[in-house]
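In what follows, a single structure is set out as structure tokens and then discussed.
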Amino acid sequence: MAPPGSNGECTWRTRAFLSYGKPVLKKRFLTGRLTGKSGSGISASPVSTTVARERTSDEGSETLIVERTENPVWLSNAYLVATGPGGSGVLIDGNDDLGPLLERAERDGIEIGHVLVTHPHPDHVAGLDEARERLGGPPFVAHEATGAALGGEVETIAGGETLRSGELEIEAISTPGHAAGHLAFLVDGSDVFTADVLFKGTVGGTMAPGATGLDDLRDSVMKLMELPAETRVHPGHREPTTIGEEWESNPFVRVWRGLDEVGEEPCSVWGREATLKLWAPDYDGGNKAWVRFADSGEEAIVGGSQVERG
Ligand SMILES: [Fe+2]
């Protein structure tokens, strides 16, 4: 087989703004589709996005900050999630562009208690060892299957378990499919970090190394869909969305809800005859394809660039 390249009690007010850092040259240790639209390997400046919310609770007003950097080549996200200046924080995943997040934490006196890792693919762990060292060595928190691929101290966590990190409460949600042991992290019940399972308008692939298949991915996505519609979704690549938006418009979710039909178009994938069931957008401007292989009957979600149509 050819290798794949590939609650409700609170009132929230949101403000978001963008800032742009300097373009930097990136080392490329991934191949295939993680090359940016330009194909040059250098597509854009890193993007840093901060979303801050004021939460009105019984105890008074709190702030939750979610700051994101996006690697310009891989389009993968790393996040700083914190309660505000002088408060508690965590890092989620590494994309080799953690500098702006660390600088924000240092500038605002945010104590980073843990480094959460959703899954061990290189575009989601790059730079984490250096970041941990700069932070004085807070432990990694990851599923057992992910922890085995990380160095240093790892606190393992399983789906359904909750981590208290300073003032933050973080629930791990088991979301296999794209990778064994893949976790999503729900922070304070309002913001879920879905990595490579759920993106804005699409879902993750199921044939990357360590993937556990389409049935698991579908179950993981539909489990996330049980969160309140207003829950903000912070994916592993590109821009945020909400559970409500994906429930209504994500083409995979619409099929799994029984709203839309799948197709029957013949195609081939890596030279294997297949049926194209769904041709959907992907986060990088390309496409994601849901296919069924003729030889095995196996179904999978693959990058559109792997599919020959017609
Ligand atoms: Fe991944």
Residues in segment 279-300: is at least one within 16 Å of the ligand (Cβ to nearest atom), in a strand (DSSP E or B) and touching a strand residue (DSSP E or B) at 6+ places or on another chain (Cβ under 9 Å)? yes
Residue pairs within 9 Å by beta carbon, gap of at least six or interchain, first lying in segment 121-146 and more than 25 Å from Ile173 (Cα to Cα), second within 16 Å of the ligand (Cβ to nearest atom) and not acidic (Asp, Glu), listed first then second, are Glu130/Gly94
Can you find, within segment 62-101, the residue that is nearest to the chain's Cα centre (by Cα) among those that are assigned to a loop (DSSP other than H, G, I, E, B) and aliphatic (A, V, I, L, M)? Leu75
In segment 175-194, the residues that are in a strand (DSSP E or B) and either within 16 Å of the ligand (Cβ to nearest atom) or closer than 13 Å to His114 by Cβ (or both): Leu183, Ala184, Phe185, Val187, Phe193, Thr194
Go through segment 218-245 and report how many residues are assigned to a helix (DSSP H, G or I) and in contact with a Phe, Trp or Tyr (Cβ under 9 Å, 6 or more places away or on another chain). 3
Take segment 108-122 and flag every residue that is of a type in the set (A, V, I, L, M), over 16 Å from Asp97 (Cβ atoms) and away from the ligand (no atom under 16 Å from the Cβ). Ile110, Ile112
Condition check: more than 28 Å from Val73 (Cα to Cα), within 19 Å of the chain's Cα centre (by Cα) and surrounded by fewer than 18 Cβ atoms within 10 Å (Cβ to Cβ). Does Asp219 satisfy that? yes
Right, Gly159: of a type outside the set (A, V, I, L, M, F, W, C), part of a loop (DSSP other than H, G, I, E, B), at negative phi and more than 16 Å from the ligand (Cβ to nearest atom) or not? yes
Among what's in segment 195-207 and is touching a Lys or Arg at 6+ places or on another chain (Cβ under 8 Å) and part of a strand (DSSP E or B), pick the residue that is surrounded by the most Cβ atoms within 10 Å (Cβ to Cβ). Val203
Can you list residue pairs whose Cβ atoms sit under 8 Å apart, with the first residue in segment 163-190 being at negative phi and the second being within 16 Å of the ligand (Cβ to nearest atom) and acidic (Asp, Glu)? Count only pairs 6 or more apart in sequence or on different chains. Pro176/Asp216; His178/Asp196; Ala179/Asp196; His182/Asp196
If you go through segment 256-310, how many residues are within 18 Å of Asp219 (Cα to Cα) and of a type in the set (A, V, I, L, M, F, W, C)? 10
Answer residue from segment 123-154, given it is within 14 Å of the ligand (Cβ to nearest atom) and over 11 Å from Asp93 (Cβ atoms) and is surrounded by the fewest Cβ atoms within 10 Å (Cβ to Cβ) among those: Ala149
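Just so you know, all these numbers are worked out from the coordinates, no wet-lab data involved. If you're wondering where the values come from, they're calculated on a predicted model, not measured in any experiment. Counting neighbours? That spans all protein chains shown, and the Cβs are built from the backbone with ideal geometry, glycine included.
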